[in-house]
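Q: Take a look at the following structure, please.
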Amino acid sequence: MNGDTALTAAHLTVADGPLAGAVLGRVVGVLAARADCPIDRLDDALLISDAVAARAGSFSDDGRIGVLVTARTGAVELNVGPLRAVLAQRLVASAELPGVGNVLERVADELLPAREGDDGEYLRIRMAFGTAPSAG
Amino acid sequence: MSEGVTATPDLELKLPARAENVAVVRHALGGLAEVLDVDEQVLADIKLAVTEACTNVVVHAYDGDEPGALEMAACIDGRMLTVVIRDSGGGIRPRPDSPGLGLGLPLIATLVESLELSSDVADRTEVRMTFRLDDGEDPV
């Protein structure tokens with residue numbers, strides 16, 4: 001699933017609000033480029049980062065957004081969290097847009113809520129560049 | 001100028017101390033500057049100073065091939081911005097075999113409002129830079 005090599009990773013923690021979208025978008029953009037993200041999928045990566053930046057703050061304990069962005073060979077991965085318990089799935093559900101559907105589900109290749117010890121819940125969002133996501 | 005010392009940072013970034021990752025820090029600062037509507041020249045100065053501090057970490061902080069961590073924290077206080085560049089290396093020390101010209105810290109000092117070099121409670125080396133986000137002219 002994610003056995004491909006991690007090229008580099010950046011852990012970002014940012015205050016909820018306008019700063020989150022601007023900074024996360026830049027960091028995801030640079031690391032997606034490093035993962036050889038094709039130009040037509042860069043918009044998709046930024047859609048994901050915008051959706052996370054807009055909503056993740058309300059699902060975290062301290063109103064701050066934590067994201068580990070990992071550039072892999074042919075993929076970029078966002079691990080969002082820690083989130084309050086059982087809220088990773090609600091974060092995904094909150095990305096529903098009228099007439100468009102769920103942005104995260106449409107664009108990401110993998111959405112995986114996971115619990116990591118007592119630390120809280122994380123949402124792993126993975127976007128691979130080998131194949132286009134299925135329309136849906 | 002030490003308001004940012006204890007405040008929770010508005011932005012924190014932690015990544016491997018490798019040369020290519022200095023660009024990630026610069027981009028993150030670009031995003032922050034966009035939101036704060038920072039003047040282009042002021043942003044150029046901030047990026048230059050932060051780049052020098054990050055480069056010092058990449059070049060000097062860690063021995064061996066495996067890079068340690070490069071950390072950046074930014075606190076906004078009105079129109080003042082404090083940026084802290086942190087590493088867990090051996091600290092700032094004289095280095096006769098340094099590959100650089102030794103101009104990094106003096107250059108930073110010319111670009112910032114205040115500069116502090118210190119260690120934090122976890123014995124990590126910190127370069128703390130405070131910038132004025134307007135260009136020093138009084139608003140009309």
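Q: Please list, in order along region A:61-77, the HN-Hα scalar couplings obtained from phi with the Karplus expression 6.51 cos²θ - 1.76 cosθ + 1.60 (θ = phi - 60°), rounded to whole Hz, x for Gly and Pro.
A: Running phi through 6.51 cos²θ - 1.76 cosθ + 1.60 with θ = phi - 60° gives 5, 10, x, 10, 9, x, 9, 9, 9, 10, 8, 10, 5, x, 7, 10, 10 Hz.
Q: Another one. Within 10 Å of each Cβ in peptide B:21-29, how many partner chain Cβ atoms are there on average? Round it to a whole number, please.
A: The mean count of partner-chain Cβ atoms within 10 Å per residue comes to 5.
Q: Let me ask something additional. Using the alpha-carbon atoms, what tilt in degrees (0 to 90, nearest 10) does helix B:22-36 show relative to the longest principal axis of chain B?
A: Around 10 degrees separate the two axes.
Q: Determine the distance separating the Cα centre of region B:105-122 from the Cα centre of region B:51-68; give it in Å without decimals.
A: Using only Cα atoms, the two centres lie 16 Å from each other.
Q: Compute the long axis of helix B:40-56 from its Cα atoms, compare it with the longest principal axis of the Cα atoms of chain B, and write down the angle in degrees, 0 to 90, nearest 10.
A: 20
Q: Then there's this: What are the ³J(HN,Hα) couplings of region B:106-115, residue after residue, when phi is run through the Karplus curve with 6.51, -1.76, 1.60 and θ = phi - 60°? Round to Hz, x for glycine and proline.
A: Each residue of region B:106-115 in turn: x, 5, 4, 4, 6, 9, 10, 6, 8, 9 Hz.
Q: For region B:1-87, what class follows from the C-alpha gyration tensor (a ≥ b ≥ c being the square roots of its eigenvalues): rounded when a/c is under 1.5, otherwise prolate if a/b is larger than b/c, else oblate?
A: prolate
Q: Further, regarding this structure: Explain nothing, just compute: Karplus ³J(HN,Hα) = 6.51 cos²θ - 1.76 cosθ + 1.60, θ = phi - 60°, for every residue of region A:7-17 in order, whole Hz, x for Gly and Pro.
A: In residue order, the calculated couplings are 7, 6, 8, 9, 9, 10, 10, 9, 5, 4, x Hz.
Q: For labels at B:LYS14 and A:ASP61 in the simple 7 Å Cα→Cβ model, what's the distance in nm?
A: Distance between the two pseudo-spin positions: 1.5 nm.
Q: Quick one: if you stick a label point 7 Å off each Cα along the C-beta vector at A:ASP118 and A:LEU97, how many nm between them?
A: Here the answer is 4.1 nm between the modelled labels.
Q: Shifting gears a bit: With a/c under 1.5 counting as rounded, go ahead and sort chain A into rounded, prolate or oblate using the C-alpha gyration tensor (a ≥ b ≥ c being the square roots of the eigenvalues; past the cut-off, prolate if a/b is larger than b/c, else oblate).
A: rounded
Q: Just want to confirm a number: the relative contact order over chain B, from Cα pairs under 8 angstrom separated by 6+ residues, in percent.
A: Numbers: 204 pairs, mean separation 39.3, N = 140.
Rounded, it is 28 percent for chain B.
Q: Kindly identify region A:51-120 as rounded, prolate or oblate by the Cα gyration tensor criterion: order the square roots of the eigenvalues as a ≥ b ≥ c, call it rounded if a/c is under 1.5, otherwise compare a/b with b/c, prolate if a/b is larger, else oblate.
A: Taking the square roots of the gyration eigenvalues as a ≥ b ≥ c, region A:51-120 is oblate.
Q: Could you let me know the centre-to-centre spacing of region B:32-49 and region A:105-128, using Cα atoms, in angstrom?
A: 33
No lab work stands behind these numbers, since they all come straight from the coordinates. Quantities reported herein were computed from a predicted structural model and do not represent experimental measurements. Every residue, glycine as well, gets a Cβ built from its backbone with ideal geometry; the counts of neighbours run over all protein chains shown.
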